[in-house]
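Readers should treat all values here as calculations from the given coordinates under stated rules, not as data from a laboratory. Please read these numbers as outputs of a predicted model, since none were measured by experiment. Note that we place each Cβ from the backbone using ideal geometry, even for glycine, and neighbour counts take in every protein chain shown.
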Amino acid sequence: MDFAEIMKNSESADPIDEIIRLGMAIKKDVHRSLQLQEGELPKALFQKILKSFTLAYPKISYFQGMNYQIGHIYLLSKDVVQTLQLYSALVQQRQLKVFEGDLKNIRLMFYQIDCCVKLFLPKLALHLKQGCSYKRNLNEEVIDSSQYAAPWIITIFSLTLQYIYSSYFLNNIWDVFVAKGWKALVRVTLFLLKYNEHKLYSMRFDEIVNFLTESGKSSFNLIFLLRRPLPAARKGCRLAQPK
């Protein structure tokens with residue numbers, strides 16, 4: 001695929017057609033993401049890269065989180081065409097069946113995370129299922145992974161770049177993701193839960209969701225996680241990989 005030609009053609013796209021086809025999502029997300037890296041990734045160029053990719057992959061088009069994924073790759077490569085080529089390869093090998101259509105494979109991944117929490121962190125799973133102690137005799141609120149892990153998964157943890165300039169440890173997560181696929185992100189999610197497990201027991205429903213959402217933004221947690229070896233899966237436990 002000639003991404004250089006796609007980049008060239010994207011410059012002449014009709015502004016109204018761009019709004020109709022891509023909406024205001026790209027513009028909106030570009031202006032509120034990766035402000036710390038704007039010196040290396042100007043907003044106009046960032047928007048152009050995202051638009052070029054959506055032109056090349058209309059089945060996927062644009063989804064929230066793509067801005068962080070592509071932005072992270074560009075900050076590593078510093079080359080527009082190479083960024084598009086690398087992300088194209090990543091999409092074809094890892095993401096095409098996950099983000100196209102009705103996102104059913106994303107929902108499958110959240111289900112897998114919930115199952116792994118029950119398997120490896122059963123006490124925490126029970127706490128998340130029962131909700132806060134003061135609500136157990138009322139309408140119980142159940143916390144599932146889609147409520148806290150969605151920003152981690154759809155950005156491949158690149159959301160942390162919104163709060164720090166760069167992260168060697170984030171690069172390590174991406175290395176494992178490229179090599180091992182989506183199950184690597186499931187394992188990092190389990191590490192975050194394990195590390196914060198004792199704090200979560202004293203929190204209420206809304207506090208748990210807010211705390212976990214914020215913890216994924218912190219580079220400290222990523223640093224802590226990658227100081228430890230990833231745990232081996234139990235015998236017979238294997239995550240299904242979207243194909």
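Each peptide among 196-208, 70-82 gets the average number of other Cβ atoms lying within 10 Å of its residues, and from highest to lowest they stand as 70-82, 196-208. By the count of other C-beta atoms within 10 Å, a proxy for reagent exposure, SER167, SER146 are ordered fewest to most as SER146, SER167.
Per-peptide packing, taken as the mean over residues of other Cβ atoms within 10 Å, places 36-44, 58-66 in the sequence 58-66, 36-44 from highest down.
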